[in-house]
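First the structure, in the form of structure tokens, and then the observations on it.
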Number of protein chains: 4
Amino acid sequence: MSINSFGHLFRLTTWGESHGPAIGCVVDGCPPGLELDEHWVQRFLNQRGPGTSKNVSPRQEPDQVRILSGIYQGRTTGTPIAMMIDNLDARSADYPVNAPYRPGHADFAYDSKYGFRDPRGGGRSSARETAMRVAAGAVARLVIPEVEIASAVVEIGGEQDESRWQAMLDEARAGGDSLGAVVECVATGVPAGWGAPIYAKLDAELGGACMGINAVKGVEIGDGFAAARLKGSENADAMRAGGRFESNHAGGIAGGISTGQAIVVRVAFKPTSSIRVPVPSVNAAGEEADAVTRGRHDPCVGIRGTPVVEAMVALVLADHKLLHRGQCG
Amino acid sequence: MSINSFGHLFRLTTWGESHGPAIGCVVDGCPPGLELDEHWVQRFLNQRGPGTSKNVSPRQEPDQVRILSGIYQGRTTGTPIAMMIDNLDARSADYPVNAPYRPGHADFAYDSKYGFRDPRGGGRSSARETAMRVAAGAVARLVIPEVEIASAVVEIGGEQDESRWQAMLDEARAGGDSLGAVVECVATGVPAGWGAPIYAKLDAELGGACMGINAVKGVEIGDGFAAARLKGSENADAMRAGGRFESNHAGGIAGGISTGQAIVVRVAFKPTSSIRVPVPSVNAAGEEADAVTRGRHDPCVGIRGTPVVEAMVALVLADHKLLHRGQCG
Amino acid sequence: MSINSFGHLFRLTTWGESHGPAIGCVVDGCPPGLELDEHWVQRFLNQRGPGTSKNVSPRQEPDQVRILSGIYQGRTTGTPIAMMIDNLDARSADYPVNAPYRPGHADFAYDSKYGFRDPRGGGRSSARETAMRVAAGAVARLVIPEVEIASAVVEIGGEQDESRWQAMLDEARAGGDSLGAVVECVATGVPAGWGAPIYAKLDAELGGACMGINAVKGVEIGDGFAAARLKGSENADAMRAGGRFESNHAGGIAGGISTGQAIVVRVAFKPTSSIRVPVPSVNAAGEEADAVTRGRHDPCVGIRGTPVVEAMVALVLADHKLLHRGQCG
Amino acid sequence: MSINSFGHLFRLTTWGESHGPAIGCVVDGCPPGLELDEHWVQRFLNQRGPGTSKNVSPRQEPDQVRILSGIYQGRTTGTPIAMMIDNLDARSADYPVNAPYRPGHADFAYDSKYGFRDPRGGGRSSARETAMRVAAGAVARLVIPEVEIASAVVEIGGEQDESRWQAMLDEARAGGDSLGAVVECVATGVPAGWGAPIYAKLDAELGGACMGINAVKGVEIGDGFAAARLKGSENADAMRAGGRFESNHAGGIAGGISTGQAIVVRVAFKPTSSIRVPVPSVNAAGEEADAVTRGRHDPCVGIRGTPVVEAMVALVLADHKLLHRGQCG
């Protein structure tokens, strides 16, 4: 119900703006007794970190997480786990207050909703918030040790051949432009029976979770849109004795409930709207002016999106493990 | 948050099995004073009804809705609106208890979760439940009179040329097979400012809502997966004075909040798994046997999916209108 | 969270007006495999039924419940359990539309909130809604077979001596007046560990659940207000080896979590505001006029309140058993 | 739904242990554009602060709050407001790990639930958490400027005569004992129409909110338990033209909805269980031993409870103002 919270029983609440003093989160509902320290969380944050290659934002943020509650003697206590990351390399001068709205970015929509906004670094709408999703996802993984979650970029700028990507990224960056990407995430080890009928379907929750990641415009489960081009007889995943399936068009979910097969999610990231190429726009006063983003941004946000997709998948699965245990014992 | 409920402030709860005595729903949180009667709801139910053409299930269900509460002298009172439809043409003999699991259907997953299930007509997992979404969606439309919602099938079996569809459908039905489809839904008139940051983003909610419709495997907002193939400069929707946009790649949503442009959602329906073509499977005892569905089904569920997509879009928008009014006045 | 729903994982939604065609509820999140039929539910409804003695409303309602979903072959399936009771003996003529607001009743408050209301029999604000709480409570009891819940009226009109009550009730009824009552409910068999810190404390949930029953104005856990008159050394429940306590001032809950002792809740019911004694009031037009209730009412609603208090306690405990199992396994 | 969150639209999540590095909260759903700074919040925290007189805990905590997000140029932005207070004067040595469970405290219940706990200063169960309720309540007050909330201790140790209290407190402190108290809170200026039927009744929400405050064992609305001793004709609040009432037995709420009269809540605080008087108990190993609390505690927690009661009332009212606006415009 809350707009900055996610999950039912395993529940994440995040806070913080891109250029405020810090960002943080509260993870509520975590089972007690799990071994957890900052090193474990940091490992996943480092996968997302900026400044690690020329293909991602040059912003220098060590993103050093601190755990402020919910742990005693190295184990979770069942009480809320608060985590925080200080913002160190904010350059608010990059974001003049009267700048034209960046088309495709949240600027105009936030102003329309709230009447005004914190413009520095995108404020609350910055993808910096996703660091806390990654941190919470690291905790979620401890709840589901039986599950392995892995993801990869499978397409950049419409190109599936990896060997072409670096040249394309170099060209986009040089031109002050950006590229979209598709990320595929696979979760293996999920037993049959997680998820729930109707409005908490596992695919609905994964769909909502991934569509809510910054810059995402499409989500598929299993064959996704390609399934809409098959016949029913082609799309059927034949079953054999012992719970073995002969194919996995369904992506591991039927009727909103896991089948025991690998869960497959594919996520489309648009090219970031923070580009140096001028785009016609207006400012808050309604005056027309070209938008040119000068902040430090990723030429392809999908690359840093992979750990975020994994985190959201981990959060959904941990939550549904607990929900299933709650209802079905 | 509850597994058979949907929405935050404008909230739908549904109940009922395909072959039980009835199906029904409760719509909670509806504003008072709206004119509502059964004719209005029935109009939308009739769009979804089976037995209306050879392309949809021949099951004969008048689907006559009764409103049991929440209305006084033709207007909503602000209290829960209960609606109910009797199940009249259930043929449970079509569903022997020891039948092999229908691959792609929820049978196996339900048994894995709950230990047993009502097998008659798919029980709770039947798409019959979507009738109540349509009924609730009809109420939701009254909450958002400023919004026009329309949808259409834009692709069947991978084919976008409408003139080819009837032949394809005839062939699929004759062969006891089924076809997938893509449905596009457009909502115009949504003012800028609906939606909410982070975990109640309008696109996340629409994504989750539509992914949770039976047989849906993919959802796109605006350009969706195609956006992942564009450059940032191509994908940017230039803005001009007066709140005018020169394109709508974003599908009317930025940062999770409506921009005032048309909201565009595209939904991929897989071909139904209820087909007469035999598919290798197992039964609850683990014995291998071919699954052959003999019930009365749709050759292309996407066709009857259009009013359901519209209903889910209406439910999300009505809910977010109220949420926005609650927080921002 | 929704205004006509109650509970987190084991969740009740009710609907219906006093003089509409029916009242009903949906119980969501019930574990699968529990034996349930209408006889079990009816048994508890009959405890609440009107027309059973001269001390309760003479309205003749058989209150025959029908279960419409969520059961297959006599057992719960894990899907929503819909229950319904037809309204048979509604006498709407007892409630003229322009009648003065009944002081103490919801009439004026509903009009203030919604602009208008269904006045027949109190509409949605009628205690008739509590029949569905009792029905849902009957299902909740199946979830917690280890728990025994019992309640009794312990005070009527300020008098604790039972032998005086009948004369007091006769006098009140003869005078068209009503009496308040205090109900005590005890739940034994709750293991230590149910409940949750801070905002889902077992006592907070019981407090909210019971304060939300029609006509309730006060709730106590354990010694309640009397505890505020003790010293800490007097109020302490000494513990002995084997989990034995030497007293139970705390009413079985510490820090919001059950201790394994009996859970004790005491609930104050005001005298019903539906009385024949004229009370100065105004009508919807703002004109002063005496309110005189002519409908059929209980001289002491606390008497019929006992099964409702038990039901709310059962709902809270069932919910928290599932919540505890979800988080802690 | 979440165990460490409170509220529907205006929603508080708290975190932190008594002897961890800090405690904090996130306030989500706050309307944008409200003037807010740390001074405003601090003013209410100072009312709750320890070390201010001999009647409250001598723990020296400046309780200096920092606001970390959700504000730009001195106004709320509509995004989450994170607040944090560092723990400075924690003396964990006061809490040996193998100490006997303090009877009446949460120690035993937490261990029963989670298997182990942070014993330092009561960990999560410490009343230190209520500082964040007070901080959030300060923000809530900004949402409801039309409402005035005031509270007072009306009874200590069963004594209503204020002039006797100091001697009683001196005696209790000297004897290492503690006293209970009753706090009354009155909210004026609430318009008729806030609240909601059935399961989000204003009195149910206030009842749950106040019963969930540490050490609270009873809650009354209006005349509370005294109403159970009145006749209906005595308890009726006669209404006169112009929305004027001649009495307020109901405490400003009818049918769960505000009537425009003052809302009156009375809350019973037990004497704190942290006392120096030895009480027979057991430790985690099950061995019998007297519990003697040596930490620094309040002789009468009800005194510092007043700002907490006010905060909970403010949170409920702010939430219901937004809920009402959401549904009814």
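Against the empirical 2.2 N^0.38 Å scaling, what ratio does the C-alpha Rg of segment C:263-329 come to?
1.81
Taking a label point 7 Å from Cα toward Cβ, how far is D:Pro62 from its twins in the other copies, in nm, shortest first?
With the label placed 7 Å along Cα→Cβ, D:Pro62 yields 2.5, 7.5, 7.7 nm.
Report D:Asp161's accessible area, 1.4 Å probe, all protein chains in place, as a number in Å² to the nearest 10.
D:Asp161 exposes around 70 Å² with every protein chain in place.
Give me the percent of the accessible area of chain C that comes from carbon and sulfur atoms, probe 1.4 Å, all protein chains in place.
Roughly 48 percent of what the probe reaches on chain C is carbon or sulfur.
Residue farthest toward the positive end of the dipole of segment A:170-260, with Cβ of Lys/Arg at +1 and Asp/Glu at -1: which of A:Ala250, A:Cys210, A:Ile198?
Of A:Ala250, A:Cys210, A:Ile198, it is A:Ile198.
Grab the alpha carbons of the protein assembly as shown, take their convex hull, and tell me the volume per residue in Å³.
So the per-residue Cα hull volume is 154 Å³.
Quote the total accessible area buried by chains C and D together, excluding ligands, DNA and RNA, probe 1.4 Å, nearest 100 Å².
Approximately 7900 Å² gets buried when C meets D.
Run the simple label-point estimate for C:Ser163 and B:Arg294 please: 7 Å along Cα→C-beta, distance reported in nm.
The two pseudo-label positions are separated by 7.4 nm.
What distance in nm lies between label points placed 7 Å from Cα along the C-beta direction at C:Asp89 and D:Gln64?
So the two model labels end up 7.0 nm from each other.
Is there a pair in C:Lys321/D:Lys201; A:Lys201/D:Lys217; B:Lys270/B:Lys321 whose C-alpha atoms are over 29 Å apart, and which pairs would that be?
Violating the 29 Å Cα-Cα cut-off are A:Lys201/D:Lys217; B:Lys270/B:Lys321.
Under a 10 Å cutoff between Cα atoms, tell me which one of B:Glu184, B:Glu159, B:Glu287 has the largest fluctuation in the Gaussian network model of chain B.
For chain B, modelled as a Gaussian network with Cα springs under 10 Å, the answer is B:Glu287.
Which peptide among A:20-28, B:224-232, D:278-286 comes first, and what is the full order, when sorted by highest mean count of other Cβ atoms within 10 Å?
Highest-to-lowest ranking by the protection proxy: A:20-28, B:224-232, D:278-286.
Provide a list, ordered by number, of residues in segment B:14-44 showing at least 20 Å² less accessible area with every protein chain present than when their chain is taken on its own, using a 1.4 Å probe.
When all protein chains are present, B:Trp15, B:Glu17, B:Pro21, B:Val26, B:Asp28, B:Gly29, B:Pro32 each give up 20 Å² or more of accessible surface.
From the square roots a ≥ b ≥ c of the eigenvalues of the alpha-carbon gyration tensor of segment C:190-329, which class results: rounded (a/c under 1.5), prolate (a/b over b/c), or oblate?
prolate
Given Cβ point charges of +1 (Lys, Arg) and -1 (Asp, Glu) and nothing else, what value in debye, to the nearest 20, does the dipole of the protein assembly as shown about its Cα centre take?
Using Cβ point charges on Lys, Arg, Asp and Glu, the protein assembly as shown gives about 0 debye.
Just how much of A:Arg276 is accessible, in Å², when a 1.4 Å probe is used and the result is rounded to the nearest 10?
130
May I ask you to list the residues of segment A:143-166 whose amide nitrogen lies under 19 Å from a point 7 Å from Cα along the Cα→beta-carbon direction of A:Ser53?
Residues passing the 19 Å test: A:150-166.
Between chains C and A there is a rotation axis; tell me the chain C residue with the nearest beta carbon and how many whole Å away it sits.
C:Gly326, 1
Hey, can you find the accessible area per residue of chain A for me, probe 1.4 Å, expressed in square angstrom?
Result: 30 Å² per residue.
Give the long-range amide H neighbours of B:Val147: residues separated by 5 or more places, or on another chain, with amide H under 5 Å away, using H modelled in the peptide plane at 1.01 Å from N.
Placed amide hydrogens put nothing under 5 Å from B:Val147.
Give the Rg (one decimal place) followed by the Dmax (whole number) of segment B:142-247, computed from C-alpha coordinates and expressed in Å.
For segment B:142-247, the Cα radius of gyration and maximum Cα-Cα distance read 17.6, 56 Å.
Return the distance in nm (one decimal) between the two label points of a simple spin-label model at D:Asn98 and D:Leu142, each offset 7 Å from Cα along Cα→Cβ.
5.1
Just check segment B:166-209 against the gyration tensor rule for me: Cα atoms, a ≥ b ≥ c as the square roots of the eigenvalues, rounded for a/c under 1.5, and otherwise prolate or oblate depending on whether a/b exceeds b/c.
Here segment B:166-209 falls in the oblate category.
What are the label-to-label distances in nm, one decimal and shortest first, from B:Ala167 to the same spot in the other copies, with labels 7 Å along Cα to Cβ?
Relative to the other copies, B:Ala167 has label-point distances of 4.2, 9.6, 10.5 nm.
What are the nm distances, shortest first, from A:Glu287 to its equivalents in the other copies, labels at 7 Å along Cα→Cβ?
The answer, with the shortest distance listed first, is 6.3, 7.9, 8.2 nm.
Can you sort B:His249, B:His19 by solvent-accessible area, 1.4 Å probe, largest first?
Listed by decreasing accessible area, they come as B:His249, B:His19.
Using 1/(1 + (r/R0)^6) with R0 = 60 angstrom and r between the beta carbons of B:Ala174 and C:Arg244, what's the FRET efficiency to the nearest 0.05?
Once the sixth-power term is evaluated, E becomes 0.20.
Is chain D best put as rounded, prolate or oblate by its Cα gyration tensor, with a ≥ b ≥ c the root eigenvalues, rounded for a/c under 1.5, and otherwise prolate when a/b is larger than b/c, oblate when not?
Because a/c hits 1.5 or more and a/b fails to exceed b/c, chain D counts as oblate.
How large is the accessible surface of D:Arg66 in square angstrom, using a 1.4 angstrom probe and rounding to the nearest 10?
100
Using a simple charge model, +1 on the beta-carbon of Lys and Arg, -1 on the beta-carbon of Asp and Glu, nothing else, what dipole does chain A show about its Cα centre, in debye to the nearest 20?
That gives a dipole near 400 debye.
The values are calculated or read from the model by the stated rules, or taken from the named source; none is laboratory data. Bear in mind the structure is a predicted one, so any value in this text is a computation, not a measurement. Glycine also receives a Cβ, built like all others from the backbone with ideal geometry; neighbour counts cover every protein chain displayed. All accessible areas refer to the heavy atoms of the entire protein, side chains included, with ligands and DNA or RNA removed. Shrake-Rupley method; radii C 1.70, N 1.55, O 1.52, S 1.80 Å.
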